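What follows is a short report on a single structure.
Here, each number is a calculation from the coordinates, and none is a lab measurement. Worth saying up front: this structure is predicted, and the values here are computed from it rather than measured. Neighbour counts run over all protein chains shown; Cβ positions are idealised from the backbone, glycine included.
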Ligand code: CO8
């Protein structure tokens with residue numbers, strides 16, 4: 001029977017924790033892990049109560065130490081290599097495009113494909129002990145799951161090229177200074193900090209939360225004109241929704257709003 005490398009569990013109403021648990025290989029991503037990540041994403045998206053998902057790695061050492069190097073070495077030819085890269089790229093893009101909000105809880109090494117996964121998620125909170133990097137150059141390859149593109153957009157092309165072409169990892173604090181992670185906390189406070197943020201988000205009006213996610217995540221890819229057009233449409237839908245009416249009425253009536261996700 002296939003091993004379970006990815007697990008998700010309901011933590012609190014609206015909040016799930018997704019854990020990549022291939023600890024003996026520092027949670028490295030092989031085809032089975034990618035398959036299970038996709039199945040887990042499908043399952044989470046089909047849950048009516050899901051709002052925010054905290055993504056982390058099992059153990060205290062690694063978030064994800066990359067794509068599985070043995071699997072990369074075993075790729076038979078150019079077409080299969082391209083397929084593997086595109087497979088990962090499509091999957092990670094699905095996290096970016098999903099209506100759910102994903103918080104990366106970076107609990108240790110986030111290298112190669114692991115850093116690429118973290119970058120495709122919506123927010124990145126790192127433990128002080130985490131190390132992030134794109135070391136593929138040291139294997140004679142480059143990132144293939146979106147790293148060259150997302151890193152450049154996140155930190156600018158000069159800093160991205162330094163990380164990709166030198167292969168040197170950065171500390172969590174340096175990653176924060178670069179804009180690669182949003183906050184750094186003590187290792188034993190990582191899940192609590194992610195949970196605090198998840199709770200804040202999960203309590204918001206559900207349709208507005210989804211739209212906020214999709215507009216901001218989409219802004220990574222859209223032109224400004226396209227993004228503005230989409231924002232106006234999403235704003236209009238929300239402004240005349242029941243929750244939009246309720247939120248504005250509650251403000252005017254000086255009471256707490258009761259959002260129903262409609
Ligand atoms: N793949 C497979 N196994 C791994 C990986 C990995 N990426 N990382 C660690 N492991 C394994 C080790 O082989 C070791 O296994 P074993 O106990 O059987 O020897 C176990 O995990 C523990 O690792 P270490 O003993 O090496 O632990 P250390 O504390 O000494 O070192 C490091 C930790 C620094 C994280 C080290 O393990 C390391 O450098 N790992 C590799 C990091 C790396 O190069 N990542 C990038 C991989 S390439 C990639 O991600 C490309 C993505 C795009 C792919 C597109 C495909 C076409």
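Look at 46, 98, 152, 60 and count the other Cβ atoms within 10 Å of each Cβ; fewest to most, that gives 46, 60, 152, 98.
GNM on the chain, alpha-carbon springs under 10 angstrom: the most fluctuating residue among 43, 79, 28 is 79. Just need the Rg to Rh number for region 1-124, please, alpha carbons only, Kirkwood Rh. Ratio value, two decimals: 0.96.
With an 8 Å cut-off on Cα pairs and a minimum separation of 6 or more residues, tell me the relative contact order of the chain in percent.
Working: 460 pairs, mean separation 40.8, N = 262.
Averaging sequence separation for qualifying contacts and normalising by length gives 16 percent for the chain.
Residue 220 to residue 39: extension gain in nm, 0.36 nm per residue of separation minus the Cα-Cα distance?
Working it through step by step, the gained length comes to 62.7 nm.
Secondary structure note: in the chain, about 25% of the DSSP beta bridges are antiparallel.
Computed extension length for residue 236-residue 79: 52.0 nm, one decimal, from 0.36 nm per residue of separation with the Cα-Cα distance subtracted. For region 138-262, the average shadow cast by the Cα convex hull is 10.9 nm², which is a quarter of the hull's surface.
An ellipsoid equivalent to the chain, defined through the eigenvalues of its Cα gyration tensor, has semi-axes of 33, 20, 18 Å when rounded to whole angstrom and sorted largest first. Computed from the Cβ-Cβ distance with R0 of 22 Å, the FRET efficiency linking residue 189 to residue 24 stands at 0.25.
For region 65-135 versus region 12-30, the inter-centroid distance based on Cα atoms is 12 Å. Kindly identify region 206-252 as rounded, prolate or oblate by the Cα gyration tensor criterion: order the square roots of the eigenvalues as a ≥ b ≥ c, call it rounded if a/c is under 1.5, otherwise compare a/b with b/c, prolate if a/b is larger, else oblate. Prolate is the answer for region 206-252, as a/c is 1.5 or above and a/b outweighs b/c. The modelled label-to-label distance between residue 152 and residue 49, using points 7 Å beyond Cα along the C-beta direction, is 4.4 nm.
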